[in-house]
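Peer 1: Pasting a structure below so you can have a look.
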Amino acid sequence: LAYIVFNMVALPIVALIGAQVLPQDISGQQPAPYVTTADAYGEGVYALADEAFFPDTDWQLMTVSGEDQAGDSWLNAITGIPEPVNYIRTNVAGAFYEITVNGQEITLTHDVGPDHGVLEVLADGEPLMVTETVDGEEVAVPLLIDTYNEVLRYNETTNIELPEAGISTLMLVNTGTPNAVSEGNVIGISTLEVQVPKRVNSLPMIIGLLAVVQVIGLAFAVVFGRLFKGFAESMTTRRAILLSIAMYCIIAIWGFVLNSTIEFWFLAWMVATVQGGSQALSRSLYAALSPSSKSGEFFGLFSIMSKGAAVVGSGIFAGAALLFDSSRPAILSLVVLFLLGAYLLTRVDIDEGKRIAREEDARVYGEVEA
């Protein structure tokens, strides 16, 4: 019990302090955002056909309807028809699009088709190099985006990673040299997204710190365990389950505010601390309230209710995620189920339930003997 209480208190405190104190490349804390400056565009999605970004020459504006984007797929009945989207297109060899960004990972949305060409990517005037495996060896080659496809498709994406984070001038150039089967050298682009900074962490350091906390927890349980003796002796099955539910509430609330890799792993260990025991105690209490002569009926109901709870819980989670457009409120919404379960458990007369179960067994087994 001392070990569980220690983890209940220490894990959130150590993780939250570690997220703030440790270097970002160890803790996995979200780096500072790429902000828009006077000279560069920071993280966000930019419609390249907007007036602020539209190139002066060689490119033409084209509006693609939702029907053309969706095509003839039967999934349209489920997903619906998307909104029209603007593209800029060119078939002029050497035509380029230039934008200065503040970031490192870029996602380019473009179309592909049977008459499409090849797009070269330059960073600060130099070809952007990527690593490919040729004849078993890794070699650096210029990044070329082949937009040829047998069928015209829209909203295809390609990820571009710049050599370094920060301000760079990105240039997209129509090479004018499509692959051998293409019917032309058309290039069509729609949006450019500057991604948020990539998290970096040191998993060995995090696991090592977690192991140190657990060693301290074991030492705490050995040294101070006797201080919890009275608490342990008063710990009935119901109180143990309620303690587990309290830990689950802490886990859900912590998951709502979690924002670093170290917090994720410490939270996962907290779940591991309580998961097995809570399930075993719940089944044990339920078995004590069930007549052994009717264990099949009672545990059949238990199984059905468990599956029903999984459906209800998943529905609440999905509904909250859909309503708030984020999984964080969905995680927090699970606290409602935990508190409801705790309340219902406090209303159960366990002694009376055990007495009724014993009487039922005595009646059934008495009839069998007779």
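The values are calculated or read from the model by the stated rules, or taken from the named source; none is laboratory data. No experiment lies behind these values; they were computed from the predicted model shown. Quick reminder, even Gly has a Cβ in these numbers, built from the backbone with ideal geometry, and neighbours come from all protein chains shown.
Peer 1: Take SER282 and tell me if it is of a type in the set (S, T, N, Q), surrounded by 15 or more Cβ atoms within 10 Å (Cβ to Cβ), touching an Asp or Glu at 6+ places or on another chain (Cβ under 8 Å) and touching a residue at least 40 places away in the same chain (Cβ under 8 Å).
Peer 2: When the stated conditions are applied, SER282 does not pass them.
Peer 1: Now, a different point. Is it true that ARG328 is of a type in the set (Lys, Arg), closer than 30 Å to GLY255 by Cα, at pLDDT 80 or above and surrounded by 15 or more Cβ atoms within 10 Å (Cβ to Cβ)?
Peer 2: Yes; evaluated as a whole, the condition is true for this residue.
Peer 1: Restricted to segment 130-181, and to residues that are free of Cβ contacts under 8 Å to residues at least 12 places away in the same chain and among the polar types (S, T, N, Q), which residue is farthest from PHE54 (Cα to Cα)?
Peer 2: The initial filter retains those residues of segment 130-181 that are free of Cβ contacts under 8 Å to residues at least 12 places away in the same chain, namely 131-140, 180.
After this cut, where a residue has to be among the polar types (S, T, N, Q) as well, the list is 131, 133.
Working: THR131: 32, THR133: 37 Å.
Only one residue fits best here, namely THR133.
Peer 1: Now a separate question. Conditions first: (1) closer than 30 Å to THR177 by Cα; (2) crowded, with 17+ Cβ neighbours inside 10 Å. GLY71 passes all but one, so which condition is the exception?
Peer 2: If we test GLY71 against (1) closer than 30 Å to THR177 by Cα; (2) crowded, with 17+ Cβ neighbours inside 10 Å, just (2) comes out false.
Peer 1: Taking the conditions exactly as written (modelled with pLDDT of 90 or more and either within 26 Å of VAL35 (Cα to Cα) or within 33 Å of the chain's Cα centre (by Cα) (or both)), does THR131 satisfy them or not?
Peer 2: No: the conditions fail for THR131.
Peer 1: Let me ask something additional. With the condition being within 17 Å of ILE106 (Cα to Cα) and of a type in the set (Gly, Ala, Ser), I'd like the strands (runs of 3 or more DSSP E) fully within segment 140-254 carrying at least 1 qualifying residues.
Peer 2: In segment 140-254, 153-174, 187-194 are the strands (runs of 3 or more DSSP E) which contain 1 or more residues that are within 17 Å of ILE106 (Cα to Cα) and of a type in the set (Gly, Ala, Ser).
Peer 1: Still on this structure, I have one more. Within segment 131-163, count every residue that is touching a Pro at 6+ places or on another chain (Cβ under 8 Å) and farther than 18 Å from TYR87 by Cα.
Peer 2: Looking only at that region, the number is 3.
Peer 1: Would you please list the contacts, defined by Cβ atoms under 6 Å and residues six or more apart or on different chains, that run from a residue in segment 96-113 that is closer than 28 Å to GLU150 by Cα and touching a residue at least 12 places away in the same chain (Cβ under 8 Å) to a residue that is in a strand (DSSP E or B) and of a type in the set (Asp, Glu)?
Peer 2: THR107/GLU193; HIS110/GLU156; VAL112/GLU156
Peer 1: Sort out which residues of segment 23-41 are over 22 Å from SER260 (Cα atoms) and surrounded by 11 or more Cβ atoms within 10 Å (Cβ to Cβ), and write them in order of number.
Peer 2: Within segment 23-41, THR36, THR37, ALA40, TYR41 meet the criteria.
Peer 1: I've got another one for you. Just to be sure before I move on: is GLU352 over 20 Å from MET305 (Cα atoms), assigned to a helix (DSSP H, G or I) and either touching a residue at least 60 places away in the same chain (Cβ under 8 Å) or among the hydroxyl-bearing types (Ser, Thr, Tyr) (or both) in the structure I sent?
Peer 2: No, not satisfied.
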